[in-house]
Amino acid sequence: MREVVEVFRRNHSTISTPLLAKGLTSDEVLRVLASDLAGIGFQVETGKAHAEKIDRPVYFGENGVPARRYQIDGYSSEWRCGLEIEAGRAWMVLICRR
């Protein structure tokens, strides 16, 4: 987890919504973080085409067949960890609902 946090710390001045005149979209943030995330072993979504997305099973049904899958922004097979980058607007919704 420390390595993931360090990726965000290293890029804080570039991606921090309060520090910017206009916040970045989640895709823009992912582009900034992509090489650092790849450097710690994450597979990272590279675009919007089907072949560029990361499709992971999240719910398994009968006989271990994936019953639900999500497209995520990053995945580490070593840590078996998925990563999703959300825009600042998503955080505001989360905070308001608490």
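Within segment 79-98, how many residues are at pLDDT 85 or above and either assigned to a strand (DSSP E or B) or loosely packed, with under 10 Cβ neighbours inside 10 Å (or both)?
Looking only at that region, the number is 4.
Give the residues of segment 62-78 that are closer than 22 Å to Val5 by Cβ, in a strand (DSSP E or B) and out of contact with any Phe, Trp or Tyr (no Cβ under 6 Å at 6 or more places or on another chain), sorted by residue number. Please lay out each step first, then the result.
Residues of segment 62-78 that are closer than 22 Å to Val5 by Cβ, as a first pass: 72-78.
Still in the running and in a strand (DSSP E or B): 72, 74-76.
Matches in segment 62-78: Ile72, Tyr75.
Inspect all residues belonging to segment 19-42 and state whether any of them is within 14 Å of Glu86 (Cβ to Cβ) and touching a Lys or Arg at 6+ places or on another chain (Cβ under 7 Å). Reasoning before the result, please.
The initial filter retains those residues of segment 19-42 that are within 14 Å of Glu86 (Cβ to Cβ), namely 23-30, 33.
The next check asks that each one be touching a Lys or Arg at 6+ places or on another chain (Cβ under 7 Å); those that pass are none.
Looking through segment 19-42, none of the residues is within 14 Å of Glu86 (Cβ to Cβ) and touching a Lys or Arg at 6+ places or on another chain (Cβ under 7 Å).
Mind checking which residues of segment 22-61 are within 13 Å of the chain's Cα centre (by Cα), of a type in the set (A, V, I, L, M, F, W, C) and either outside any loop (DSSP other than H, G, I, E, B) or surrounded by fewer than 15 Cβ atoms within 10 Å (Cβ to Cβ) (or both)?
Those that are within 13 Å of the chain's Cα centre (by Cα), of a type in the set (A, V, I, L, M, F, W, C) and either outside any loop (DSSP other than H, G, I, E, B) or surrounded by fewer than 15 Cβ atoms within 10 Å (Cβ to Cβ) (or both): Val29, Leu30, Val32, Leu33, Ala34, Leu37, Ala38, Val44, Ile54.
Among the residues of segment 63-78, are any of a type in the set (Lys, Arg), surrounded by 12 or more Cβ atoms within 10 Å (Cβ to Cβ), in contact with a strand residue (DSSP E or B) (Cβ under 6 Å, 6 or more places away or on another chain) and modelled with pLDDT of 90 or more? Break it down into steps so the answer makes sense when it comes.
In the first step, residues of segment 63-78 are kept if they are of a type in the set (Lys, Arg); the result is 68-69.
Subsequent filtering for residues that are surrounded by 12 or more Cβ atoms within 10 Å (Cβ to Cβ) retains none.
No, there is no match, as no residue in segment 63-78 is of a type in the set (Lys, Arg), surrounded by 12 or more Cβ atoms within 10 Å (Cβ to Cβ), in contact with a strand residue (DSSP E or B) (Cβ under 6 Å, 6 or more places away or on another chain) and modelled with pLDDT of 90 or more.
The values are calculated or read from the model by the stated rules, or taken from the named source; none is laboratory data. All figures in this text were calculated on a predicted structure; none of them were measured in a lab. Here the Cβ is made from the backbone with ideal geometry for all residues, glycine too, and neighbour counts use every protein chain on show.
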